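The values are calculated or read from the model by the stated rules, or taken from the named source; none is laboratory data. Not measured: the values here are computed from a predicted model. Glycine also receives a Cβ, built like all others from the backbone with ideal geometry; neighbour counts cover every protein chain displayed. Heavy atoms of the whole protein, side chains included, go into the accessibility calculation; ligands, DNA and RNA do not. Shrake-Rupley method; radii C 1.70, N 1.55, O 1.52, S 1.80 Å.
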Amino acid sequence: MADGSLIPTVRTACPYCGVGCGVSGQVAEGRALAVRGDTAHPANNGLLCSKGAALGATVGLEGRLLSPMINGREAGWTEAVGLVARKFSQAIARHGPDSVAFYVSGQILTEDYYVANKLMKGFIGSGNIDTNSRLCMASAVVAHKKAFGADLVPGCYEDLDLADLVVFSGHNAAWTHPVLFRRMEAARARGQRHVVIDPRRTDTAEVADLHLAIKPQTDVRLWNGLLADLIRRGAVDRGYIAAHVNGFAQVEAALCEADQSPTAVAADCGIATADVEAFFALFAATPRTVSLFSMGANQSTQGVAKGLSIINAHLATGRIGKPGACPFSITGQPNAMGGRETGGMANTLAGHMDFAPEDRARVARFWGAPDTADKPGLKAVDMFEAIHDGRIKAVWVMATNPAVSLPDASRVREALDRCPFVVVSDCVETDTTAFADVKLPALAWGEKDGTVTNSERRISRQRALFPAPGLARPDWRIIADVAGAMGFGDGFAWPSQASVFREWARLTAFENSDRLLNLAGLLDLTRSDYAALEPVQWPVTEGGVGTPRLFADGRFQTSDHRAVMVPVRPVDPVSACDPAYPLSLNTGRIRDQWHTMTRTGLAPDLWRHAPEPYVDLHPEDAAAVGVVEGGLTRIQTARGEAVAIARLTDRQRPGGLFMPMHWTDAFAPSGRSNPLIAANLDPVSGQPEYKHTPARVRPYRETWKGFLLSRQGHAPPKGLDLVWRRIPQTACDLYEFAGRGDEAERDALRRALGEPAGELLSYGDPATGARREAWVDRNRLERVLFMTSGGPLPPRSWLADLFEAADLPVDARATLLFGRPLGPVVDAGPMVCACLKIGARTIDAAIAAGAATPDAVGAITGAGTNCGSCRPELARMITIAREPAHAV
Ligand code: SF4
């Protein structure tokens, strides 16, 4: 359709992070999709970050599972569902209900979660369903339950606009929740202050008013010190405490066990006393304070204690339930909250009910399921350990990739390999589907239809833009079909997702006298009401009215309606004193990729900011072992080894390493971070410690390296011990590789790659080990292969761009084997603005020419003027340019 205005717009929600942005999508032809931010959605008011803006590039059918597969052969749904039901039923009959498990995901919809939980906990009768939200949010959940009586997020995004101070605790919002960060940038321009508590000088920290680069694991010490200081100053709200809070005296007594002076706190946290004093004074003086906490706090063996120490400071000052004041846990996934609500975690039942006898009886009564589980099941890491040692005989993994994302990922692969029966339902092939006996094709984003809940308890609709491809089905339908085949059909006979939602809403309201998670106002949605449902924050009262902020009346969900302050004591930091592994490895997310890249990996623009796995380290640590900027580097822990590009930066504390967690076998088999991580858990929440693993680095010392650009896809060559990366480009794939062998290894790689059709142009220089080859077929470039034993390699961008041409230009053909055009080459440098493809050198030139703000850089170069995700990086570049001391 030539006129875009004639194309219907579908309002849906982004599938990536917990901000939960509204997206307006228009499908032109086939699966061509144009997206923009939904201006009517309160979470983002029309903004999208780089990932959301690139959604249109991720909806192709490449790599999709489109038919059920049984042991590698296509099968029909009847056969596949029958087999799954039979295998699960057999395991249950022989070994009991706890011999089976579901491992599900914050990617599935609330309706899917509800049905999966009902089947496992209600009808199979085991608690063995856990979600990958265990890896992100479990510590915050426990902290909420201890302090508020239930897993309740007090605040809303409006609080981020209204706050005078935002404290980011282990939260690089500029990269992980970019649209929220842009809201806070706007508030900062109005005078809001930002304090960042993070061992790394992230983009969020770089532009903050104060950055506290604490030693890993010292968060509790800092927050306890803050609370002690608030008490000393008389800045706690004794009236609020008397009226609404228990436990203050116990917390105060526990604080007295240690020296809480700013000097002592600063020494233990490894930061300047003046910075500690500045933080304490700012917090004390700012009633409208929001304390955000995310993975940096939660993914820790002390995750629950960190969350409680933050909440304690807010309860003691009465900064909760008020505009612009709350502790605020931000979720990582689009529907982590939906899973927490519907009982996707092994230690809860649905509707914020637990395994207390009266709760369990209520849920069983509602479901008509007398065999409902009466005890919690196994949490994620323990679940895979039970698979490894044979206690679990059958597992169903839904929409997640534990072979990459769990700690000690090599052991998880062993577990899946040993498991007698593995089912994976997903929309794409992943590292985990490689272990599946049965693969079940699920709908992807853009095809699914249901609801998700974002970090501020806002329920939004994900709506279908495309018809279901192939034989793919909604997750809830697949689970209900298996339930039916297991003999539980009566409880799973919904005609639509709207009817699943209504049942879920009814459960939240069932015998509900005091549970805040209550969708009473959504019980009677008709199918068309459900289709048109506008974003709304629970609790939803009669008439469909939502609730932005909890606890405004000072009443909590405890038995006496008072909040609870819980004493938490810092444990000694797990020191990096092991001489074999003297550094501390921290892992996390990057700006333009999502999880294990199953979706964002399809958008070439999202690769430009960070094309290869990297490790950030301080120059002193690098120099000590001979690691150099840009060099391939081995990162070693007691669990394993990875290889990544070294980036030397003083944004990293001495002694600290940072590695992104996204890479998989499909893109960089030796660049995966999670095989390096030990499965150390918070003892209560079961959340793994991804933020501190003793580690060391060494140069990789390759003897040769090269790159390949090819229209044809290539898997890592079998039998060769190479560092191998695939980096999608617009019209081809780029492969970077390096090895430590001799000429024979290079020849073996060349043989493994095979020969494409076309004319071969080649050049070799035995002195430098250079080999350069290009294949041109009917004047179209098919492949370029460059290898060297020591000489330089040209930039890849000019060659990659040639693949976009229908015909190879004559002058380009003449210089193909030089890898550059005739005349001067403009190297834009590393990509900063992925949307408009603006590189660092272009931006540096604009700053040198006088651009002193991100807006000014944008006016000259265009960078940051589309989605705005790179604006924090622009601000950082400006800061660095003005303060040479920051530069390495
Ligand atoms: Fe999606 Fe970005 Fe919004 Fe997160 S911030 S929901 S990734 S558009």
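Annotation: ILE727 carries an accessible surface of approximately 10 Å², with a 1.4 Å probe and no ligand, DNA or RNA atoms counted. On the beta carbon distance between GLU511 and GLU620, with R0 = 60 Å, the FRET formula returns roughly 0.45.
Give, as ranges by residue number, the residues of segment 476-507 whose backbone N falls under 19 Å from the point 7 Å along Cα→Cβ of THR526. So the set is 495-503.
Only Lys, Arg, Asp and Glu count, each charged at its Cβ (+1, +1, -1, -1), so figure out the dipole size of the chain about its Cα centre, rounded to 20 debye.
Values: 93 positive and 97 negative charges, 51 e Å.
That gives a dipole near 240 debye.
Residues of segment 507-545 with amide nitrogen under 20 Å from the 7 Å Cα-to-Cβ point of ARG365? Within reach of a label on ARG365: 507-520.
Reducing segment 624-677 and segment 683-727 to their Cα centroids gives an inter-centroid distance of 8 Å.
The orientation-averaged projection of the convex hull spanning the C-alpha atoms of segment 567-681 amounts to 8.7 square nanometres. What residues of segment 627-663 lie in the reach of a label at ASP417, counting those whose backbone N is under 12 Å from a point 7 Å from the Cα along Cα→Cβ? Once the point is set 7 Å along Cα→Cβ of ASP417, nothing inside segment 627-663 turns out to lie under 12 Å by backbone N. Please work out the C-alpha center-to-center distance from segment 14-49 to segment 201-263 and express it in whole Å. When both Cα centres are located, 39 Å separates them. Database remark: amide H of THR451 closer than 5 angstrom to the amide H of THR110, GLU111, GLN462 (H placed geometrically; neighbours at sequence offset of 5 or more, or on other chains; Pro and chain starts carry no H).
Measuring with a 1.4 Å probe in the full set of protein chains, what accessible area per residue, in whole Å², belongs to the chain?
34
Based on Cα atoms of segment 666-757, Rg over Rh with Rh as the Kirkwood radius reads 1.11.
Spin-label model, ARG190/THR879: points 7 Å from Cα along the beta carbon direction are separated by 2.3 nm. Measuring nothing but protein heavy atoms, the accessible surface of segment 334-384 at 1.4 Å probe radius is 51 percent carbon and sulfur. Using a cut-off of 28 Å between Cα atoms, the listed pairs LYS51/LYS448; LYS145/LYS448; LYS51/LYS393; LYS51/LYS118; LYS306/LYS379; LYS51/LYS121 include LYS145/LYS448; LYS51/LYS393; LYS51/LYS118; LYS51/LYS121 as exceeding that distance.
Taking label points 7 Å from Cα along the Cα-to-Cβ direction, ASP827 and ALA356 give a separation of 6.5 nm.
Charges only on Cβ, +1 for Lys and Arg, -1 for Asp and Glu: so what's the dipole of segment 184-223 about the Cα centre, in debye to the nearest 20?
Working: 7 positive and 6 negative charges, 25 e Å.
Approximately 120 debye in magnitude.
What percent do you get for the relative contact order of the chain when only Cα pairs under 8 Å and 6+ apart count? All intermediate terms of the calculation are to be shown ahead of the outcome.
On the way: 2037 pairs, mean separation 129.8, N = 888.
Here the relative contact order equals 15 percent.
Helices in the chain, meaning DSSP H runs of at least 4 residues, each add -39500 (n - 2.57). Divided by all residues, the mean residue ellipticity at 222 nm is -8500 deg cm²/dmol. Rounded to whole Å, give me the distance from the Cα center of segment 266-320 to that of segment 489-524. Cα centroid to Cα centroid, the span is 38 Å.
Rounded to a whole number, what % of the accessible area of segment 39-160 do carbon and sulfur atoms account for, probe 1.4 Å?
52
When ASP389, ASP275 are compared by accessible area of protein heavy atoms, the largest-first order is ASP389, ASP275, using a 1.4 Å probe. In this simple spin-label approximation, LEU817 and ALA805 carry label points 7 Å from Cα along the Cα→Cβ vector, and these lie 1.8 nm apart.
How long is the gain from ALA859 to ALA278 if the chain were fully straight, where each residue apart is worth 0.36 nm and the alpha carbon distance is subtracted? Display every interim value, and only then the final one.
Working: separation 581, 0.36 × 581 = 209.16 nm, distance 3.56 nm.
Here the answer is 205.6 nm.
Straight-line cross-link reach from LYS215 at under 13 Å between alpha-carbon atoms covers these aspartates and glutamates, not counting any fewer than eight positions away in the same chain: ASP198, ASP268, ASP572. As a length-normalised measure over Cα pairs under 8 Å and 6 or more apart, the relative contact order of segment 789-888 settles at 17 percent.
Multiplying each eigenvalue of the alpha-carbon gyration tensor of segment 327-425 by 5 and taking the square root yields semi-axes of 27, 19, 11 Å, largest first, rounded to whole angstroms. Solvent-accessible area of GLU429, all protein chains in place: 90 Å² (probe radius 1.4 Å, heavy atoms, ligands and nucleic acids excluded).
About the centre of its Cα atoms, segment 1-94 shows a dipole size close to 460 debye [charges on the beta carbon of Lys, Arg (+1) and Asp, Glu (-1) only; nearest 20 debye]. By the compact-protein rule of thumb, 2.2 N^0.38 Å, the alpha-carbon radius of gyration of the chain corresponds to a ratio of 0.94. For LYS718, the lysines whose Cα falls under 22 Å of its own Cα, not counting residues fewer than eight places away in the same chain, are LYS705.
Take HIS388: with every protein chain present and a 1.4 Å probe, its accessible area is about 20 Å². Subtracting the Cα-Cα distance of ARG94 and GLU534 from 0.36 nm times their residue separation leaves 153.7 nm of extension gain.
As a rough guide to protection, the peptides 593-606, 354-367 ranked by mean Cβ packing within 10 Å, highest first, stand as 593-606, 354-367. Taking only the C-alpha atoms of segment 14-56, Rg followed by Dmax gives 10.1, 30 Å.
Taking all protein chains in place and a 1.4 Å probe, what share, in percent, of the accessible surface of segment 633-702 do carbon and sulfur account for?
On the way: 1000 of 2060 Å².
Of all accessible area on segment 633-702, carbon and sulfur atoms account for 48 percent.
Using the Cβ-Cβ distance between SER496 and SER410 with R0 = 45 Å, the FRET efficiency computed as 1/(1 + (r/R0)^6) comes to roughly 0.60.
Quick check: residue separation of ALA638 and ASP374 times 0.36 nm, minus the Cα distance between them. What number comes out in nm? Don't skip to the answer; put the middle values down first.
Details: separation 264, 0.36 × 264 = 95.04 nm, distance 3.82 nm.
That works out to 91.2 nm of additional length.
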